[in-house]
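Enquirer: Submitted below is the structure of interest, expressed as structure tokens.
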Amino acid sequence: MDSLALSALVRNHANWVETRQSQIARNIAHVDTPGVNATQVDPFSKVLENARSGKTPGMMLTHANHISATPSNGAVGIQQMETPPVLEREMIALNETRHAHQLNVAIASAFHRMHIMAVKS
């Protein structure tokens, strides 16, 4: 795997983490709101699988005159759940997302150091 594909993978993972953090924040904000169901972000493994196969969620064409849009390979799907948000579940998801963010930063930092070392030598 070349460094460009690796940096794209890190960028897609960062996009996924950002989307998941926003979704968790929305769920936490609506914990006490009656009638609002929780949302859930697709796992990163599914996002990665969809990016490999080219099946990414994008805009739907509803009319023949609409301009077709090509979605990015790192598009993240969000699913509506049938249950209301639960604070404990969201806090666990937030902790998992924090770990994913830390992993992403560590990988990006390691690649940055590797590129710096390659340029210096």
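The values are calculated or read from the model by the stated rules, or taken from the named source; none is laboratory data. In this text, all values refer to a predicted model and were calculated from it rather than measured experimentally. As a convention, Cβ positions derive from the backbone with ideal geometry for all residues, glycine included, and neighbour counts pool all protein chains shown.
Enquirer: Looking only at segment 65-95, which residues are acidic (Asp, Glu) and either modelled with pLDDT of 95 or more or surrounded by 12 or more Cβ atoms within 10 Å (Cβ to Cβ) (or both)? Show your work before the answer.
Expert: Looking only at segment 65-95, we keep the residues that are acidic (Asp, Glu), and these are 82, 88, 90.
Glu88, Glu90, listed by residue number.
Enquirer: If I ask for residues that are over 26 Å from Val41 (Cα atoms) and surrounded by fewer than 12 Cβ atoms within 10 Å (Cβ to Cβ), which ones from segment 96-111 would you list?
Expert: Ala110, the sole residue that qualifies.
Enquirer: Just name the residue that is surrounded by the fewest Cβ atoms within 10 Å (Cβ to Cβ) out of those in segment 24-45 that are closer than 14 Å to Val86 by Cβ and either of a type in the set (S, T, N, Q) or in contact with a Cys (Cβ under 6 Å, 6 or more places away or on another chain) (or both).
Expert: Among them, the one singled out is Thr33.
Enquirer: It is to be established whether one or more residues within segment 46-64 are surrounded by fewer than 13 Cβ atoms within 10 Å (Cβ to Cβ) and at pLDDT 90 or above.
Expert: No: segment 46-64 contains no residue that is surrounded by fewer than 13 Cβ atoms within 10 Å (Cβ to Cβ) and at pLDDT 90 or above.
Enquirer: What pairs can you find where one residue is in segment 98-117 and over 16 Å from Thr19 (Cα atoms) and touching a residue at least 12 places away in the same chain (Cβ under 8 Å), the other is surrounded by 13 or more Cβ atoms within 10 Å (Cβ to Cβ) and among the aromatic types (Phe, Trp, Tyr), and their Cβ atoms are less than 9 Å apart, with a gap of 6+ or different chains?
Expert: Going by the 9 Å Cβ cut-off, there are no qualifying pairs.
Enquirer: Another one. Looking only at residues that are assigned to a helix (DSSP H, G or I) and acidic (Asp, Glu) in segment 77-102, which one is nearest to Arg11 (Cα to Cα)? Even if it seems obvious, please write down each step before you answer.
Expert: Filtering segment 77-102 for residues assigned to a helix (DSSP H, G or I) gives 87-102.
The next check asks that each one be acidic (Asp, Glu); those that pass are 88, 90, 96.
On the way: Glu88: 29, Glu90: 24, Glu96: 18 Å.
Looking at residues that are assigned to a helix (DSSP H, G or I) and acidic (Asp, Glu), I get Glu96.
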